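K.L.:
Please see the structure below; I have some questions.
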Amino acid sequence: MNKNTGGTAPRTDVVIAGAGPVGLMLACELALRGVRVVALERLTAVDETIKAGGINTPTAEAFYRRGMLPALADVQKEAFGRFHSFVRQRQAAGASSVRPAPRFAGHFAGIMLRAELLDTSDSDFHHAGPADEIGFVSQQALERLLAERAAGLGVEVRRGVELTGFDTDMDGVTVHVGEAGEAGDAGGEELRAGWLVGCDGGRSTVRRLAGFPFPGTDPEITGRQALVEMTGAEKLGMGWNETETGIYSHGPVPGRILTVEFDGPPADRSAPVTLEEVQASLRKVSGTDVTVTKVNTATRFTDNTRQVTEYRRGRVLLAGDAAHVHPPFGGQGLNLGIGDAMNLGWKLAATVLGHAPDGLLDTYTAERHPVGAWVLEWTRAQIAVMRPTPHSRALRKVITDLTGTVTGTTYFAKKISGVWHRYDLPGDHPLTGRSAPDLVFADGTRLGAYLEDGRAVLFVLTDDPGPAGRAAEYAAGYEGRLRVVTTRCPDRPELAGLLVRPDGVVAWGAGTDEDALRGESCSGAGADKAGSGADGDGAPARTAGTATATRTAPAATCTADELAALEDALRQWFGAPGGASDGTPGGTPVGTPDGTPDGTAA
């Protein structure tokens, strides 16, 4: 490796420690806006250890809004093929518990949610458009796709190296880099950057060296997940199974097993997981004499549950597992980290490029910390319901009864899928703070496609010559940071306008028909996916959609107060008009997703 022999250290804008899915997603978001990024990764290739098996709705939306949905669809098609192979193997072996390909909406503590009980008319499910079709995508597949995207965007990913230390000052961070596994940073390289982001996992070096407090609860379980070859698999139940000694899961692909024992954490979590260990745990929890003949990949996990108190300390930030750790039930970890990256990416880019308003970067902690705290509580609750004790089993029966109702299934599915979430942003419009609905416009284009270049978009959805029609005037001076699209939305005639941040969150809305906003479909597409089964416990939910007919209503308008609120929102999120350019090459701030002018001047 090249060594810095003195003088000024090589300079970049941002160094990211860790190039897993979260680090790569963040790197791509920054590079999309012209920020120089170096990502450091100790592994020389994608880690093939079995991990998350799916993604939820906000994650699918994030990739849809960056033009990556077709690639995910191809991955999902292959995954479905493996699932159907698993079902055929079970049928050929004469397993007594074989059932058709599941139509489920996720699970809570291994209690499966039945898709036929899902209330698909709930307005929270009517917004994601084509992203609703995607869920069954593994963490490894996601990482490979992001690595390809990062390379295409010019991100420098250095593999086989790791951060060994860093020094911060008022102007930036000096990062010490060594070969992976080296003791200390002697003889390593130095990188000079404006910012450092730790995406280096649950045992984050960045978090430890920066001194982030990491409070939480200690582990009480040992979980094991593996892909194995075995005999006697027909004796295992399909999906999640509760026993007197714990809980285990079998499927949704051939040889995939997961066991949970409640006799304390492992003595050495980092020790290799052996065939004998996997077999002993599976036999103990399942009560069968199944024989494991080969372990292809295996890992241990616990319910160690912790979160940093803040996501930023000066010029050092954290994202993903570096900021929060918890057990994997419900598959929240990967999705939580991708959400961190989407939220942080555009805010850090604006800060680097010099046009961020005061306090913008601090909203990263303000918005993402509550989401992380919720996930920790959600997983702790599942541990309480999983314990093989009389009290927990009594609670489990109550939860099972609740999930057997339409209201209960809908509640849990909304939580699992992430569609319930809303940031606490200024403004009274029902969509403010929520993920933007994937509106279908009069020319057939969809809202999600306008976000592919990572800029914010102001949608003016009226030809009213009054205040609403003048909304585009307020975007003057934000060229390069903001695109203006003037069009109509026949399915939502009550909407006069929306300001959508680069991460897809609505920052401002105008329109007077609030009851319709709360109760009607955003795009005419029904709820097709509620939960992804993101820890690999089955195929994503496939529920029948409910189409919403185009409604007729007077042309939308907005008040002078709403227009003033738009000006406030623009300044809050994107600073003063004019100022530093973000240097984005080419393109135009006005037009359709492919850059075709739509006749509107920004």
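K.L.:
Of everything in the stretch 257-297 that's part of a loop (DSSP other than H, G, I, E, B) and of a type in the set (Ser, Thr, Tyr), which residue is nearest to the chain's Cα centre (by Cα)?
P.N.:
Ranking the candidates gives Ser270 first.
K.L.:
Is it the case that some residue within the stretch 327-335 is touching a strand residue (DSSP E or B) at 6+ places or on another chain (Cβ under 9 Å) and free of Cβ contacts under 8 Å to residues at least 60 places away in the same chain?
P.N.:
No: the stretch 327-335 contains no residue that is touching a strand residue (DSSP E or B) at 6+ places or on another chain (Cβ under 9 Å) and free of Cβ contacts under 8 Å to residues at least 60 places away in the same chain.
K.L.:
Another one. Under 7 Å between Cβ atoms, at least 6 apart or on separate chains: pull out the pairs that start in the stretch 261-278 with a residue that is within 11 Å of Ala226 (Cα to Cα) and without any contact (Cβ under 8 Å) to a residue 60 or more places away in the chain and end on any residue that is open to solvent by 100 Å² or more (accessible area, probe 1.4 Å) and not in a loop (DSSP other than H, G, I, E, B).
P.N.:
Note: no pairs meet the criteria.
K.L.:
What residue, among those in the stretch 138-154 that are hydrophobic (A, V, I, L, M, F, W, C) and in contact with a helix residue (DSSP H, G or I) (Cβ under 8 Å, 6 or more places away or on another chain), is nearest to Ala60 (Cα to Cα)?
P.N.:
So the residue we want is Leu142.
K.L.:
A further question follows. Is it fair to say Leu153 is at pLDDT 85 or above and out of contact with any Phe, Trp or Tyr (no Cβ under 8 Å at 6 or more places or on another chain)?
P.N.:
Considered against the rule, which asks whether it is at pLDDT 85 or above and out of contact with any Phe, Trp or Tyr (no Cβ under 8 Å at 6 or more places or on another chain), Leu153 comes out as yes.
K.L.:
Moving to a separate point now. Does Arg368 fit the bill of being modelled with pLDDT of 95 or more, more than 14 Å from Phe108 (Cα to Cα) and open to solvent by less than 30 Å² (accessible area, probe 1.4 Å)?
P.N.:
For Arg368, the condition - modelled with pLDDT of 95 or more, more than 14 Å from Phe108 (Cα to Cα) and open to solvent by less than 30 Å² (accessible area, probe 1.4 Å) - is met.
K.L.:
Oh, and also: Can you tell me how many residues within the stretch 27-50 are within 19 Å of the chain's Cα centre (by Cα), open to solvent by 10 Å² or more (accessible area, probe 1.4 Å) and of a type in the set (Gly, Ala, Ser)?
P.N.:
1
K.L.:
Quick one: which strands (runs of 3 or more DSSP E) lie wholly within the stretch 471-533 and hold at least 3 residues that are under 24 Å from Ile134 (Cβ atoms) and modelled with pLDDT of 90 or more? Spell out how you get there, then give the answer.
P.N.:
Values: elements: 482-486, 495-500, 506-511.
Of the strands (runs of 3 or more DSSP E) lying wholly inside the stretch 471-533, none has at least 3 residues that are under 24 Å from Ile134 (Cβ atoms) and modelled with pLDDT of 90 or more.
K.L.:
Right, another one. Cβ-Cβ distance below 6 Å, separation of 6 or more or different chains: which pairs start in the stretch 351-364 with a residue that is touching a residue at least 12 places away in the same chain (Cβ under 8 Å) and end on one that is of a type in the set (Lys, Arg) and surrounded by 13 or more Cβ atoms within 10 Å (Cβ to Cβ)?
P.N.:
Pairs found: Leu360/Lys347; Leu361/Lys347; Tyr364/Lys347.
K.L.:
Let me ask something else about it. Could you please give the count of residues in the stretch 401-447 that are open to solvent by 50 Å² or more (accessible area, probe 1.4 Å), among the hydrophobic types (A, V, I, L, M, F, W, C) and either under 20 Å from Ala62 (Cβ atoms) or in a helix (DSSP H, G or I) (or both)?
P.N.:
Number satisfying all stated conditions: 3.
K.L.:
Moving on. Please find, within the stretch 183-202, the residue that is modelled with the lowest pLDDT out of those that are surrounded by fewer than 19 Cβ atoms within 10 Å (Cβ to Cβ) and aliphatic (A, V, I, L, M).
P.N.:
Ala186
K.L.:
Kindly indicate the residue of the stretch 9-24 that is out of contact with any Cys (no Cβ under 9 Å at 6 or more places or on another chain) and in a strand (DSSP E or B) and also modelled with the lowest pLDDT among those meeting that condition.
P.N.:
Step by step, filter the stretch 9-24, then rank; the result is Arg11.
K.L.:
Would you check which residues across the stretch 115-133 are among the hydrophobic types (A, V, I, L, M, F, W, C), over 24 Å from Phe441 (Cβ atoms) and modelled with pLDDT of 90 or more and list them?
P.N.:
Leu117, Leu118, listed by residue number.
K.L.:
Further question on the same structure: List pairs: first in the stretch 132-158 and at positive phi, second in a helix (DSSP H, G or I) and hydrophobic (A, V, I, L, M, F, W, C), Cβ under 7 Å, 6+ apart or cross-chain?
P.N.:
Partner pairs satisfying both residue conditions: Gly154/Ala31.
The values are calculated or read from the model by the stated rules, or taken from the named source; none is laboratory data. Computed from a predicted model, the values in this text were never measured in an experiment. Glycine also receives a Cβ, built like all others from the backbone with ideal geometry; neighbour counts cover every protein chain displayed. When the accessible area is computed, the model is the full protein with side chains, heavy atoms only, and any ligands, DNA or RNA have been set aside. Shrake-Rupley method; radii C 1.70, N 1.55, O 1.52, S 1.80 Å.
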